[in-house]
Amino acid sequence: MGLLVPVGSLLAEKPAPVTDEGFLAPLRAEAARKHPAAKSAQLKAGAAARDVRAVRLWDDPMVGLMLMGARKEMRMNDGDIRVSLEQPLPRPGLFEASRSKADAMRRAENENARTTSLAAGAMAAKDAIELALADESIRLQGEQIGWMRAMTENARQRAINPDQTSADALRLESELAREEQILEAAKRTRDSIAKRLNLSLGRPLETPWPVLRLPASPLPVRLAAGEVARIGRVNPRVLAMKEMASAAKADTRIADRERLPGVSLAVESSMYSGGDLRSASVGVKVNLPWFNEPSYQARIDAARLRERAATKDTDAVIREIAAEVISATNEVANSAAQARAYSGDVFTKSQEATRTLEASWISSNAPLTDLLEANRLLFSIRLEQRRYIAMQLSALEDLEVLVPTTR
């Protein structure tokens with residue numbers, strides 16, 4: 001989301017905005033491509049695709065060879081070598097049900113892989129947002145130090161006057177030293193966040209990052225009701241569970257088909273080892289499943305219960321995700337409202353108060369403590385506005401994982 005600028009001093013160049021998918025989308029894709037969990041999920045999806053191809057319509061044929069040991073006359077009459085071939089026939093509907101189950105499992109694994117990829121991408125995007133917030137904090141801290149230096153110089157000039165004391169100058173120098181230490185700590189934090197982002201992307205930890213900047217204003221808010229309504233259609237976890245329910249339904253059909261009698265074609269021939277063919281026969285073999293009818297019925301009943309359970313599990317997950325969506329949309333809306341408030345009247349009035357106190361202090365009509373307090377409040381308001389923007393972007397990443405807008 002945004003543009004890049006060459007790496008340099010954190011305060012020398014104007015930071016690049018983080019405002020659109022042009023910056024964050026490639027990071028998400030890179031993280032999803034390189035994250036080990038995402039790779040593992042993709043391999044499982046590939047294995048599930050192979051499982052579909054492994055479903056067979058025809059069972060393997062059986063070939064038999066038998067040798068007879070008897071008197072020569074008997075072997076000559078009946079033959080002493082017997083060869084047999086048996087081919088089971090497909091049971092009606094069993095192949096289609098098995099293929100349907102394998103297809104459902106393949107689609108479920110694809111959705112699971114998508115869930116993992118979305119989570120990995122969101123993690124990298126949130127790290128980038130936090131890095132941008134760190135850059136914003138450093139920029140504001142640099143401006144705070146610049147203001148403090150200017151006020152310190154004013155205090156030193158005022159101390160030259162015999163009617164003035166150096167107390168204000170000493171106080172400002174102390175405040176300046178403290179702000180400089182805060183800036184150094186912020187820079188170290190920024191380096192740590194950059195390393196974490198590189199780790200999320202599978203890059204070398206020391207890979208440099210350009211200065212980033214958050215949007216000036218909050219992004220549009222997505223309505224909770226509309227997002228909740230989309231869960232069943234777009235959430236990959238829910239879609240995966242729906243496919244598992246489909247697999248359970250196919251399991252029920254498989255159990256029902258397996259209790260049908262199995263039919264096999266059989267061919268046998270007898271020949272004499274020292275001569276020609278003696279006999280050949282063709283027949284049909286049928287197993288009798290009725291003796292195990294209770295077992296078959298129990299399996300069918302169990303499959304039906306699992307099918308119903310899978311449907312209820314899907315409904316439960318939809319309800320769980322709906323709660324998360326409501327929470328995320330509320331976070332997005334609250335952060336946007338707070339960001340707008342801190343960039344509106346709250347900021348304007350605090351800025352005016354600081355400027356008034358600054359002019360009054362320079363003319364020796366206001367104490368330094370009031371000026372420092374007003375300036376701290378102004379700095380806090382500016383930083384909080386940046387934090388609320390970052391919080392909204394982070395909440396939007398969470399929302400994108402729950403209800404993706406793109407496939």
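Observations on the model:
- Principal-axis tilt of helix 345-362 within the chain, Cα atoms, nearest 10 degrees: 30
- Taking a straight Cα-Cα cut-off under 19 Å and skipping sequence neighbours fewer than 8 places away in the same chain, the aspartates and glutamates within cross-link reach of Lys44 are Asp103, Glu109, Glu111, Glu243.
- Highest-MSF residue in the chain out of Val83, Val211, Val263 [GNM, Cα springs under 10 Å]: Val83
- With 27 Å as the limit on Cα-Cα distance, the pairs of Lys34/Lys249; Lys34/Lys312; Lys126/Lys187 that go past it are Lys34/Lys249; Lys34/Lys312.
- Candidates Gly69, Gly121, Gly262: whichever shows maximal mean-square fluctuation once the chain is modelled as a Gaussian network with Cα springs under 10 Å: Gly69
- Exposure rule at most 13 other beta-carbon atoms within 10 Å, DSSP loop GluC sites (Glu not before Pro): the chain longest free segment: 207-407
- Helix 224-234 vs. the chain, principal-axis angle (Cα, 0 to 90°, nearest 10): 30
- Overall Cα dimensions of the range 16-402 - principal axes, largest extent first, Å: 143, 44, 30
- The shape of the range 73-134 comes out oblate: with a ≥ b ≥ c from the C-alpha gyration tensor, a/c is at least 1.5 while a/b does not beat b/c.
- Label separation (Ala280 vs Arg71): 3.0 nm, computed from points 7 Å beyond Cα along the C-beta direction.
- Rounded to the nearest 10 degrees, the inclination of helix 94-159 to the longest alpha-carbon principal axis of the chain is 10 degrees.
- Packing-based exposure ordering (other Cβ within 10 Å, fewest first) of Ser270, Ser117: Ser270, Ser117
Quick note: the coordinates plus some simple rules give every number you see, no bench work behind them. Just so you know, these numbers come straight off a predicted model, no measurement behind them. Heads up, the Cβs are rebuilt from the backbone with ideal geometry, glycines too, and the neighbour counts pull from every protein chain shown.
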